[in-house]
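The values are calculated or read from the model by the stated rules, or taken from the named source; none is laboratory data. These figures come from a predicted structure and were not determined experimentally. All Cβ positions, even for glycine, are placed from backbone atoms using ideal geometry, and neighbour counts span all protein chains on display.
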């Protein structure tokens, strides 16, 4: 099972990122668990300074911006290797 | 049918950008004639009458502020994309106090900051070895010398006041950072912060294309403008009312040089206005025109953007009450100093 994590304390951007991630999964036809990380310690421990952060399968792929569903779908494929 | 045809007609992205830029310029130069036509020809209001001047102020300021926000925030966001906080942190780690503090304050101008990022940013800086005072210089400067405030100050008052504001804001951030650094308050940071290890920060730095960058910047700007537009319009409405109806004598009596407590008074008024910088500036524009002294005006602006109760509440998670109090005290003292200093140098 693949894993998408959204790092952010629950601000508007983090919720938008989570929605985009769900849309990306549907677009790409990929099954994955989505986790929303709101604990500051864990966010900081991942080395993310600006929220929201996007983590795919344990790798931080984007910080400080809200990638579109299309961008995330692409990231799902490129980070598969 | 036409809609489908249009959607198929994939315009080259560069053409869209050029068309948007030209449309912006045309609208910019049409704003002033439009406002005077709207108030004095269409509505047949009398030039010089309170209502006529108020309506003209409103009809000129709304398109002007909107255009400034859309155009320049997009550009600023584009530039900021090249200075992510991760890069700033790496540049600041292990610097000496004076150089590091000044650099941190300068980076605050170009680095995006939202108060929901304050905590991860704070932890990330300290964890990478950025000194506490340098970190606070950044935390003071980043919201205070913020792009929306600077752009609006520039557009409505000209470059002189915008630059004064920037220099004053940087000075507050540098002095504040140096003071906090000198007080050696590391033990007033919550203990768990020192225990976090990110393990060398395995953050993949993405390399977006120019088209992605421009699209990102535009999406961010559209969002921001949509969020703050109601405040801007209310602010311009209040500004228009002041412009047309409030007598200059009243403003001078309350905020002028005759009242030595004017600066702390406006700072107090500004505290609940947090995050409404865009709505506040049109009010300030009207007040300044009515004789509010420059220092008092700058102090008011700074207090609106830099004294944020929500941010203090969020920061309480990582710093103990005494350090939080010192942080707040340093910021307030800095703003008051700027107000009195400018009033002294540039008398009304």
- Query: Is it the case that some residue within the range A:26-33 is in a strand (DSSP E or B) and touching a strand residue (DSSP E or B) at 6+ places or on another chain (Cβ under 8 Å)?
  - Reply: yes
- Item | Pick from the range A:58-78, criterion over 13 Å from residue A:21 (Cβ atoms) and part of a loop (DSSP other than H, G, I, E, B), ranking: farthest from the other protein chains (Cβ to nearest Cβ) | A:58
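Would you mention how many residues in the range A:22-57 are over 28 Å from residue B:135 (Cα atoms) and within 13 Å of the chain's Cα centre (by Cα)?
Of the residues in the range A:22-57, 10 are over 28 Å from residue B:135 (Cα atoms) and within 13 Å of the chain's Cα centre (by Cα).
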- Query: Of all the helices (runs of 4 or more DSSP H) wholly in the range B:195-273, which have at least 2 residues that are modelled with pLDDT under 85 and within 14 Å of chain A (Cβ to nearest Cβ)?
  - Reply: B:210-245
- Message: Being facing chain B (nearest Cβ under 7 Å) and free of Cβ contacts under 8 Å to residues at least 12 places away in the same chain is the filter here; which residues of the range A:38-52 pass it?
- Response: A:41, A:44, A:45
- Query: Filtering the range B:293-331 down to residues that are at pLDDT 90 or above and out of contact with any helix residue (DSSP H, G or I) (no Cβ under 7 Å at 6 or more places or on another chain), which residue is nearest to residue B:253 (Cα to Cα)?
  - Reply: B:329
- Query: When you scan the range B:93-106, how many residues do you find that are within 26 Å of residue A:53 (Cβ to Cβ), without any contact (Cβ under 8 Å) to a residue 60 or more places away in the chain and surrounded by fewer than 21 Cβ atoms within 10 Å (Cβ to Cβ)?
  - Reply: 4
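Residue-wise test of (1) modelled with pLDDT under 85; (2) in contact with a strand residue (DSSP E or B) (Cβ under 7 Å, 6 or more places away or on another chain); (3) within 11 Å of chain A (Cβ to nearest Cβ).
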residue: B:101; (1), (2), (3): no, no, no
residue: B:107; (1), (2), (3): no, no, no
residue: B:119; (1), (2), (3): yes, no, yes
residue: B:125; (1), (2), (3): no, no, yes
residue: B:136; (1), (2), (3): no, no, no
residue: B:147; (1), (2), (3): yes, no, no
residue: B:152; (1), (2), (3): yes, no, no
residue: B:155; (1), (2), (3): yes, no, no
residue: B:159; (1), (2), (3): no, no, no
- Note on the structure: Across the range A:3-37, the tally of residues that are within 14 Å of another protein chain (Cβ to nearest Cβ) and either touching a residue at least 24 places away in the same chain (Cβ under 8 Å) or over 30 Å from residue B:313 (Cα atoms) (or both) stands at 14
- Query: Just to be sure, is residue B:47 away from chain A (no Cβ under 14 Å), over 28 Å from residue B:196 (Cα atoms), surrounded by fewer than 20 Cβ atoms within 10 Å (Cβ to Cβ) and at pLDDT below 85?
  - Reply: yes
- Query: Would you pick out the residues in the range B:312-326 that are part of a helix (DSSP H, G or I) and surrounded by 21 or more Cβ atoms within 10 Å (Cβ to Cβ)?
  - Reply: B:323
- Query: Just to be sure, is residue B:165 touching a residue at least 60 places away in the same chain (Cβ under 8 Å), within 16 Å of the chain's Cα centre (by Cα) and more than 9 Å from chain A (Cβ to nearest Cβ)?
  - Reply: yes
- Query: Counting only residues that are within 17 Å of the chain's Cα centre (by Cα) and part of a loop (DSSP other than H, G, I, E, B), how many does the range B:274-299 have?
  - Reply: 3
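Okay, residues lined up against (1) over 22 Å from residue B:153 (Cα atoms); (2) in contact (Cβ under 8 Å) with a residue 60 or more places away in the chain; (3) part of a helix (DSSP H, G or I):
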position	(1), (2), (3)
B:38	yes, no, yes
B:41	yes, no, yes
B:54	no, yes, yes
B:60	no, no, yes
B:65	no, yes, yes
B:71	no, no, yes
B:78	no, yes, yes
B:88	yes, no, yes
B:91	yes, no, yes
